[in-house]
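Data first, discussion second: the structure below is written as structure tokens.
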Number of protein chains: 2
Amino acid sequence: VNTPALASVRRFAWVAEARPEKIDRYLGLHAAPWPSVNAMIKACNIRNYSIYVRRIGGVPHLFSYLEYVGADFAADMARMAADPDTQRWWAECMPCLVAQPGLTAPGVWADAEEIYHLP
Amino acid sequence: VNTPALASVRRFAWVAEARPEKIDRYLGLHAAPWPSVNAMIKACNIRNYSIYVRRIGGVPHLFSYLEYVGADFAADMARMAADPDTQRWWAECMPCLVAQPGLTAPGVWADAEEIYHLP
């Protein structure tokens, strides 16, 4: 059932740990995301991007799911990272999360591995 | 950009905790899912269904994302639960996961709360 367009979709899922005392701040930011940041995300070929929260062991964890429809993920991520508004947004969001060891910048989201997919 | 068809999509995300000694069994099952179970999932109006794994605190956790495109989620889930092949599949999968308190049957997947979505 893949059309040529759908065949180019790449799915990503990331997990983050929130600081319990800052989860409300993180939720508040995402209840009113900055339009310029959303626009940059879409310009960088991301769509159907969701973030979920669930407490695990009493600690709020975040799970994000997104679909990438461009041709050069690394280049689009670099473009996003160079955007001043996005940098300001990350400066608000990232202190709400716990840095994970061994990750590439920004270092708060860890890749989850896809083990099953049904179109 | 929502078309009438897309407007009826409901997204779900669920989190589960795997038994460390049984995660390989779970991964093996999902590397070769039963065609009849996949067909029932699709017949029950689920699409774009992915499962991810990531260790949190050293314990493998599963995160699933799916989109529901039908008109009666509860009825479709009841139909799926009544399918004998699906029951056999769940009998293989569910012992790999840790029962969560306070959940409805099958009691191993917990709802995660959507806090952000960008189409």
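The values are calculated or read from the model by the stated rules, or taken from the named source; none is laboratory data. Quantities reported herein were computed from a predicted structural model and do not represent experimental measurements. Virtual Cβ from ideal backbone geometry, glycine too; neighbours counted across all protein chains shown.
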Filter result for residue B:105 (loosely packed, with under 14 Cβ neighbours inside 10 Å, modelled with pLDDT of 95 or more and more than 18 Å from residue A:55 (Cβ to Cβ)) = no
Limited to the range A:23-37, what total is found for residues that are surrounded by fewer than 16 Cβ atoms within 10 Å (Cβ to Cβ) and in contact with a helix residue (DSSP H, G or I) (Cβ under 7 Å, 6 or more places away or on another chain)?
-> 3
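Rundown of residues vs (1) small (Gly, Ala, Ser); (2) within 20 Å of residue A:114 (Cα to Cα), yes/no style:
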residue	(1), (2)
A:39	yes, no
A:46	no, yes
A:51	no, yes
A:59	no, no
A:65	no, yes
A:69	no, yes
A:75	yes, no
Output for the range A:40-88, where each listed residue is in contact with a Phe, Trp or Tyr (Cβ under 9 Å, 6 or more places away or on another chain) and touching a residue at least 60 places away in the same chain (Cβ under 8 Å) = A:73
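Sort through B:59, B:108 and tell me the only one that's more than 11 Å from chain A (Cβ to nearest Cβ) and either within 29 Å of residue A:24 (Cβ to Cβ) or touching a Gly at 6+ places or on another chain (Cβ under 9 Å) (or both). Can you show your working first?
Details: B:59 fails: more than 11 Å from chain A (Cβ to nearest Cβ).
Matching residue, one of B:59, B:108: B:108.
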Among the candidates A:67, A:17, which residue alone is in contact with a Lys or Arg (Cβ under 6 Å, 6 or more places away or on another chain), of a type in the set (Asp, Glu) and within 12 Å of another protein chain (Cβ to nearest Cβ)?
-> A:67
